[in-house]
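Here the structure comes first, spelled out in structure tokens, and everything after it is commentary.
Bear in mind these aren't lab numbers, they're just calculated from the coordinates by the rules spelled out. This structure is a prediction, so every number in the text was calculated from the model and none was measured. Neighbour counts are summed over all protein chains in view; Cβ atoms, including those assigned to glycine, are modelled from backbone coordinates with ideal geometry.
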Amino acid sequence: MNDVERIKKEKGGLEVWNDLQRIAAEGYAGIDADDMFRLRWLGLYEQKPKDGFFMLRIKVPGGQLNYDQLIAVAEVTRDYARNIADITTRQNFQFHWMAPQDFPAIFAKFSAVGISTLGACGDIPRNVTGCPVAGLDPNETFDAQPYAQAVHEYFLGNPEFADLPRKYKISITGCCEHCSQPEINDIAATAVIKNGEKGFHIRVGGGLSTRPFLAQKLNFFIPADKLVDAFRAVTEVYRDSGYRENRKKARIKFLVADWGAAKYEEEVLKRLSWVPEPALTEAEWPEPTNNFRDHVGVHPQSQPGLFWVGANVLTGRMNSEQLFEVARLAKEYGTGDTRTTNQQNLLIVNVKEADVPTVVAGLEAIGFPVVASPIRRAAVACTGSEFCNLALTETKNLMWQIVRHLDKTVSLDEPLRINLNGCPNGCGQHHIGDIGLQGCVVKLPEGGSVDGYDISLGGRLGRDAKFVRPIWRKVPATDVPVALENLLNGYLNERDEDED
Ligand code: SF4
């Protein structure tokens with residue numbers, strides 16, 4: 001048994017919840033190495049440079065927050081997080097500078113508005129991501145958020161699933177564009193209609209990091225009201241058969257890659273008391289093409305007369321003043337509801353047509369443009385060396401430099417996704433970017449080293465999903481903006497008519 005498995009077996013990660021008051025009283029010095037690891041189950045990670053402060057991640061199922069919840073996010077940002085909050089690529093919020101003595105007050109504040117952090121990190125089902133315009137999108141197959149919420153509630157704090165071999169990422173969407181990225185989740189459901197019945201296709205075994213895999217579809221049609229039970233069975237198989245010896249091979253993607261979809265289906269069927277019908281064929285229900293899955297801009301909702309207003313929050317970084325203002329705009333001109341996206345952007349929903357210009361102007365006034373360039377609107381950057389212990393490079397400032405430079409030097413007339421990561425892991429999803437940037441260390445001939453990036457191209461999801469392929473290695477970070485300028489202008493000058 002490796003050390004991590006020993007820690008989990010001796011005391012479950014969720015049980016550290018009972019130690020929270022003691023940890024707050026004793027402070028950082030009183031947390032032993034095992035409990036430091038278990039704190040992940042509460043959404044807490046030690047931040048760089050491991051000198052007493054933590055990152056805290058909250059779960060935001062489907063990216064949906066009501067007014068009171070966004071106010072709680074703003075207050076925690078202001079009072080405990082040195083005025084920094086980040087939207088993540090899994091629609092969560094992350095905070096930094098959390099001090100152990102503040103943990104009980106912070107958890108109490110979130111709990112009072114129905115926000116949980118249980119399972120936001122650790123070897124446990126993570127936040128259930130979904131389409132940020134679920135229930136609003138006129139083109140969706142159906143609103144899958146109630147089913148995503150049911151799955152969230154089933155797994156939340158469920159001791160049966162609190163010790164998985166590794167983290168377990170979930171996405172559930174009812175949209176036609178699959179904007180919640182089912183291909184790169186450990187388990188994912190996408191809405192279909194079969195013979196007039198609402199249901200889901202499910203797939204398993206997707207993931208990024210150093211060995212990226214695309215999820216494989218299981219040949220099941222899951223009636224919508226059986227989705228939770230299907231997820232239970234799929235997850236039990238992983239819990240009981242996933243690889244625990246080597247953490248580098250413990251994600252479900254390695255099990256699925258070894259077994260194949262057919263064997264995984266057999267194992268799932270053994271744990272169901274009902275037999276799913278076969279999935280619809282590709283001819284009956286085609287996968288979406290490489291749609292640009294973006295929610296920025298002003299869009300009519302399925303509710304007549306109402307609009308969602310999607311603003312770009314470059315790199316996902318916000319301060320409390322911005323958060324309070326977004327909450328005010330959402331309450332005054334909408335229903336108080338906001339949504340986060342996996343491109344680190346933010347939506348105010350249920351806005352009447354007459355109020356749209358005011359909301360747009362209000363968002364622009366705090367630095368969140370609703371009309372954003374193709375370069376800016378879908379750019380994504382992970383946490384990087386500012387706070388992340390695994391990072392090789394700084395990320396968010398570089399992304400700002402890249403976007404400012406390209407907005408001045410490139411006139412792009414089509415969507416673009418630039419995804420930037422500070423290490424080979426996948427938090428910034430560089431494997432699926434049109435342009436993927438992976439942080440590395442560049443050794444200088446005269447000695448010493450600087451931040452650098454491997455630059456890759458051509459990632460996409462959907463029908464012809466594929467990961468990026470590298471074109472340039474070890475480009476110093478200071479050269480990256482100009483390298484991308486040359487790359488994009490070269491493309492614009494030489495592209496074929498039907499090339500994207
Ligand atoms: Fe940290 Fe790497 Fe994840 Fe970025 S991709 S947040 S550097 S682990």
Computed over all unlike Cα pairs, the Kirkwood hydrodynamic radius of segment 415-474 in Å stands at 11.8 Å
Heads up, segment 333-413 by the C-alpha gyration tensor (a ≥ b ≥ c square roots of eigenvalues; a/c under 1.5 rounded, else a/b over b/c prolate, else oblate) looks oblate
With R₀ set to 56 angstrom, the calculated FRET efficiency between the beta-carbons of SER273 and GLU499, to the nearest 0.05, is 0.65
For segment 126-133, Karplus-derived ³J(HN,Hα) couplings (6.51, -1.76, 1.60; θ = phi - 60°; whole Hz; x for glycine and proline) come out as 8, 3, 7, 8, x, 5, x, 10
By Cβ neighbour count within 10 Å, fewest first, CYS131, CYS121, CYS176, CYS388 rank CYS176, CYS388, CYS121, CYS131
The lysines whose Cα lies under 21 Å from the Cα of LYS352, excluding any fewer than 8 residues away in the same chain, are LYS331
Eigenvalues of the alpha-carbon gyration tensor of the chain, times 5 and square-rooted, give semi-axes in Å, largest first, of 30, 29, 26
Here, ASP464 and GLN21, labelled 7 Å along Cα→Cβ, have an inter-label distance in nm of 6.1 nm
By the Kirkwood definition, with r running over pairs of different Cα atoms, segment 80-203 has a hydrodynamic radius in Å of 15.9 Å
So the FRET efficiency between LEU390 and TRP285, C-beta based with R0 = 30 Å and rounded to 0.05, is 0.20
Reduced to Cα centres, the span from segment 212-231 to segment 238-256 in Å works out to 18 Å
Here segment 88-93 yields Karplus 3J(HN,Hα) values (6.51, -1.76, 1.60; θ = phi - 60°; whole Hz; Gly and Pro given as x) of 9, 6, 10, 6, 7, 10
If amide H atoms are modeled at 1.01 Å from N in the peptide plane, then the residues at a separation of 5 or more from ARG317, or on another chain, having amide H under 5 Å from its own are ILE87
Relative to the compact-globule estimate 2.2 N^0.38 Å (N residues), the Cα gyration radius of segment 187-290 stands at a ratio of 1.09
Here the cysteines of the chain without any disulfide-compatible Cβ partner under 4.7 Å are CYS121, CYS176, CYS179, CYS388, CYS423, CYS440
Final fewest-first order of GLU267, GLU497, GLU321 on the 10 Å Cβ neighbour count is GLU497, GLU321, GLU267
Quick calc of log₁₀ I(q)/I(0), segment 272-352, Debye, one scatterer on every Cα, no solvent, q values 0.12, 0.25 1/Å, result -0.53, -1.20
The whole-number value in µm²/s of the Stokes-Einstein translational diffusion coefficient for segment 79-119, with Rh from the Kirkwood sum over alpha carbon pairs at 20 °C and 1.002 mPa s, is 192 µm²/s
The long-range amide H neighbours of SER209, using H built 1.01 Å from N in the peptide plane and a cut-off of under 5 Å, are GLY426
Proxy exposure order for THR210, THR315, THR341, THR117 (fewest C-beta within 10 Å first) is THR210, THR117, THR315, THR341
In debye to the nearest 20, the charge dipole size for the chain, taken about the Cα centre with +1 at each Lys and Arg Cβ and -1 at each Asp and Glu Cβ, equals 1060 debye
Result row for the chain, helices from DSSP H with C-alpha axial extent 18 Å or more and mean Kyte hydropathy at least -1.0, is 67-80, 227-241, 320-333, 396-409, 480-494
Taking the chain and counting helices only, DSSP H stretches of n ≥ 4 at -39,500 (n - 2.57) each over all residues, the nearest-500 ellipticity at 222 nm comes to -8500 deg cm²/dmol
Treating only Lys and Arg (+1) and Asp and Glu (-1) as charged, each at its beta carbon, one finds that segment 317-392 has a dipole about its Cα centre, in Debye to the nearest 20, of 180 debye
Check: C-alpha center segment 106-169 vs C-alpha center segment 20-34, spacing in Å is 27 Å
Expressed in nanometres to one decimal, the distance between label points 7 Å along Cα→Cβ at LYS11 and ASP258 is 3.2 nm
Computed Rg/Rh for segment 123-177 (Cα atoms; Rh = Kirkwood radius) stands at 1.07
Reduced to Cα centres, the span from segment 419-441 to segment 272-338 in Å works out to 24 Å
When all Cα-Cα pair distances of segment 220-276 are considered, the percent exceeding 19 Å is 30 percent
